[in-house]
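Peer 1: This is the structure, below, for whatever I ask next.
The values are calculated or read from the model by the stated rules, or taken from the named source; none is laboratory data. Bear in mind that the values here come from a model prediction, so they are computed numbers and not experimental data. Don't worry about glycine lacking a Cβ; one is built from the backbone with ideal geometry, like all the others, and counts go over all protein chains shown. Accessible surface areas use protein heavy atoms only, side chains included; no ligands, DNA or RNA. Shrake-Rupley method; radii C 1.70, N 1.55, O 1.52, S 1.80 Å.
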Amino acid sequence: MKYELVSGFETHVELATATKIFCGCTTAFGGEPNTHCCPVCTGQPGALPVLNKKAVEFAIRAGLATHCEINTVTHLDRKNYCYPDLPKAYQISQFDKPLCEHGYVELESGKKIRILRIHIEEDAGKLVHERGFTLIDYNRGGVPLIEIVSEPDISSPEEAREYVEKLQLIMRYIGVSDCKMQEGSMRCDVNISLRPEGSEKLGTRTEIKNMNSIAHIEKAMRYEYGRQAEILSGGGKVEQATMRFDETTGETSVMRTKEDAQDYRYFPEPDILTVNIPQSEVDRIKNSLPELPLEKLRRYIDVLHLNAQNARLIYKYKAACDWFEEAVAAGASPKNTLNLIVGTVFSRLDTEEDKEKFDVGISGAQAAELIKLLDGGKINATLAQMTLAKMLETGDGVEKFISAEDMRGMDDGELTRLCKEAIAANPQAVADYKAGKEKAIFALYGYLKRATQGKADVQKATEIIKSLI
Amino acid sequence: MAITEKEIKTLARLARLDFDDERCREFSGEFGEIIAFADRINAQVGGATSDIREVGGREIAYGDLRDDEVKESLLNEKVLSNVQSEGGFFPVRRVVK
Ligand SMILES: [Zn+2]
């Protein structure tokens, strides 16, 4: 029998606020252990949590960007469990009234992965297990998180990858999180069940906890699919369980089963009042949202008619898109601007982080002054690339590198005149070309190159030469 | 529900408080009163969380929430002043095998 994969994600995203969710301690990553702590985030008796407005705002932003409805009257709840990463023996979270509900994340195919809810909560501390001890660092304890719970709409590891990537992009675009999985600012719990193809009924699911890389998610899903399919096709039953993924073996194994599932005894958090958010504030946040990643990608391809592959390379980096759009607004052609970004600018940015920041030394508007020369045929692509590289290196404008002298001979009239000269000077090559030897035209390029110190636009010259002979 | 002196002693040890026998006796009495009070509240609201929300149902306006401004944290020595620290960490008995 063929089985269909059914998967839902619970994704934790750390919000990029300056302070923790209930106290003024910094959220900065790293730092010596237990140096970003205070009586509130270490759970000292009598210390009272005070909710961070920015954390609520960021969660609403995330909700609106994923098409959720916002519960403007919302409260927090206690989730009780006893583990040393929580100093209070409970986590302040949201149970029955999450801040955001009923949204979706759209994939490129147009398929929508529905979002059941997004709630705010505090992150736990970090545990290091060493010899007979567990050592606790509460620096991360109390960092604001949102938990994004999807419906079980994901039906393949590939869709899972795209869902996580799209979520990451959305969160980065709207500035609420850097979503760095390797630093733990984005982590996924993956629910998986199987059902016979065509069946509507959901099977028993397992949950793989705490995945911190997209590659691992895909691997774990493939393994878990195989494991469950084997059980089911052998006539067995999948047991509801929480699983762990072993990065070295690529296998999943049972961590705990349903029998020892915890009862979190949720109850309303008495130390924090119910929050009442005016609709005007929700509207303000909605109006401040930027164009979202998928809308941008579609506009680049469908409206600006950009090469899809290049558009895909740039749309992942919002700052790069902003720079691109600034250049285009200043009059540069979208096509040439994108080519220069992908070919010249990106090659100077080594890491993902550099591309993310897109701190390139000149503005999009400055680049536009160069690109317009290329657009108008005043310079060729090679010279444009070389000059852009110099501009990026020095931060100087185009006038520093390209003089009127450089552009002489590059307008259409001048180029036509030079092409005529080249034809007159190379009768044998012209004859060969006419006889079908395509490569003979290279002799004419050589002439043009010498006459213009390599600045002639070869593509345009080819058109002119072909029209002349 | 009464609370025994032995339970008080355990709690005191966990909280690193030093109680002599007389204090323990006093406390077991006080604890009894506190628990009785909680029972009285529970009886009033039937133990349902939505009812508890009603009882304490005050609201805070969004505008009155805390601004996102960093305050100085506690010194590490202070944070760890109640434990025998290991390299700046809180140590507990190993929780995983
Ligand atoms: Zn704190």
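Peer 1: Across region A:46-88, which residue is nearest to the other protein chains (Cβ to nearest Cβ) among those that are open to solvent by less than 30 Å² (accessible area, probe 1.4 Å) and of a type in the set (S, T, Y)?
Peer 2: Top of the filtered list is A:T74.
Peer 1: Something else: Can you go through A:V149, A:V143 and tell me which one is open to solvent by less than 10 Å² (accessible area, probe 1.4 Å), among the β-branched types (V, I, T) and in contact with a Ser or Thr (Cβ under 9 Å, 6 or more places away or on another chain)?
Peer 2: Going through A:V149, A:V143 in turn, just one is open to solvent by less than 10 Å² (accessible area, probe 1.4 Å), among the β-branched types (V, I, T) and in contact with a Ser or Thr (Cβ under 9 Å, 6 or more places away or on another chain): A:V143.
Peer 1: Only one of A:E414, A:E356, A:E393 is among the charged types (D, E, K, R) and more than 29 Å from A:F324 (Cα to Cα); which?
Peer 2: Unique residue meeting the criteria: A:E414.
Conditions tested, residue by residue: (1) open to solvent by 50 Å² or more (accessible area, probe 1.4 Å); (2) at pLDDT 90 or above; (3) not in a loop (DSSP other than H, G, I, E, B).
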position	(1), (2), (3)
B:R23	yes, no, yes
B:E26	yes, no, yes
B:G32	no, no, yes
B:D39	yes, no, yes
B:N42	yes, no, yes
B:E69	yes, yes, no
B:E77	yes, no, yes
B:Q84	yes, no, no
B:K97	yes, no, no
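Peer 1: Moving on to the next point. Among the residues in region A:89-96, are any open to solvent by 20 Å² or more (accessible area, probe 1.4 Å), within 28 Å of A:V6 (Cβ to Cβ) and within 14 Å of chain B (Cβ to nearest Cβ)?
Peer 2: Yes - at least one qualifying residue is present in region A:89-96.
Peer 1: Residues in region A:3-13: is at least one within 16 Å of the ligand (Cβ to nearest atom), touching a residue at least 12 places away in the same chain (Cβ under 8 Å) and open to solvent by 30 Å² or more (accessible area, probe 1.4 Å)?
Peer 2: Looking for residues that are within 16 Å of the ligand (Cβ to nearest atom), touching a residue at least 12 places away in the same chain (Cβ under 8 Å) and open to solvent by 30 Å² or more (accessible area, probe 1.4 Å), one finds none in region A:3-13, hence no.
Peer 1: Step by step: first the residues of region B:10-21, then only those that are open to solvent by 100 Å² or more (accessible area, probe 1.4 Å) and within 16 Å of the chain's Cα centre (by Cα), then the one that is nearest to B:Q84 (Cα to Cα). Which residue is that?
Peer 2: It comes out as B:R16.
Peer 1: Taking the options A:V190, A:V164, A:V176, name whichever one is hydrophobic (A, V, I, L, M, F, W, C), touching a Leu at 6+ places or on another chain (Cβ under 7 Å) and either modelled with pLDDT of 95 or more or not in a helix (DSSP H, G or I) (or both).
Peer 2: The match here is A:V176.
Peer 1: For residues that are away from the ligand (no atom under 12 Å from the Cβ) and of a type in the set (D, E, K, R), tally how many sit in region A:14-46.
Peer 2: Residues meeting the conditions: 2.
Peer 1: Here are some residues: A:L349, A:L338, A:L383. Which one is open to solvent by less than 40 Å² (accessible area, probe 1.4 Å), farther than 30 Å from A:Q182 by Cα and either among the aliphatic types (A, V, I, L, M) or out of contact with any helix residue (DSSP H, G or I) (no Cβ under 7 Å at 6 or more places or on another chain) (or both)?
Peer 2: Testing whether each residue is open to solvent by less than 40 Å² (accessible area, probe 1.4 Å), farther than 30 Å from A:Q182 by Cα and either among the aliphatic types (A, V, I, L, M) or out of contact with any helix residue (DSSP H, G or I) (no Cβ under 7 Å at 6 or more places or on another chain) (or both) leaves just A:L383.
Peer 1: Confirm whether A:R205 is surrounded by fewer than 20 Cβ atoms within 10 Å (Cβ to Cβ) and touching a strand residue (DSSP E or B) at 6+ places or on another chain (Cβ under 9 Å).
Peer 2: yes
Peer 1: Another question about this same structure. Please go through (1) more than 24 Å from A:C100 (Cα to Cα); (2) at pLDDT below 90 for A:E218 and return the number of the only condition it doesn't satisfy.
Peer 2: (2)
Peer 1: Can you name the residue in region A:355-380 that is of a type in the set (D, E) and in a helix (DSSP H, G or I) and is also most open to solvent (accessible area, probe 1.4 Å) among such residues?
Peer 2: A:E369
Peer 1: Which residues, taken from region A:219-237, are in contact with a Ser or Thr (Cβ under 9 Å, 6 or more places away or on another chain) and either part of a loop (DSSP other than H, G, I, E, B) or not assigned by TED's automatic domain parsing to the domain that holds A:K258 (or both)?
Peer 2: A:K237
Peer 1: Please determine whether any residue of region A:139-157 is within 25 Å of A:A18 (Cβ to Cβ) and of a type in the set (D, E, K, R).
Peer 2: Checked against the condition, which is being within 25 Å of A:A18 (Cβ to Cβ) and of a type in the set (D, E, K, R), region A:139-157 yields at least one hit.
Peer 1: Would you point out the residue of region A:18-37, among those that are without any contact (Cβ under 8 Å) to a residue 40 or more places away in the chain and open to solvent by less than 20 Å² (accessible area, probe 1.4 Å), that is nearest to the other protein chains (Cβ to nearest Cβ)?
Peer 2: Here the residue is A:G24.
Peer 1: So is A:A367 under 31 Å from the mean Cα position of the chain (by Cα), over 30 Å from A:L444 (Cα atoms) and in the same structural domain as A:E325 (by TED's automatic domain parsing) or not?
Peer 2: So A:A367 passes the test.
Peer 1: Checking A:G331 against (1) more than 27 Å from the chain's Cα centre (by Cα); (2) over 26 Å from A:L373 (Cβ atoms), which test does it fail?
Peer 2: (2)
Peer 1: What's the number of the only condition in (1) in contact with an Asp or Glu (Cβ under 8 Å, 6 or more places away or on another chain); (2) at pLDDT 95 or above that A:A59 fails to meet?
Peer 2: With (1) in contact with an Asp or Glu (Cβ under 8 Å, 6 or more places away or on another chain); (2) at pLDDT 95 or above applied to A:A59, the lone miss is (1).
Peer 1: Take A:E183 and decide whether it is surrounded by fewer than 20 Cβ atoms within 10 Å (Cβ to Cβ) and at pLDDT below 95.
Peer 2: So A:E183 passes the test.
Peer 1: Conditions first: (1) at pLDDT below 80; (2) open to solvent by 70 Å² or more (accessible area, probe 1.4 Å). B:T49 passes all but one, so which condition is the exception?
Peer 2: (2) is the only condition that B:T49 fails.
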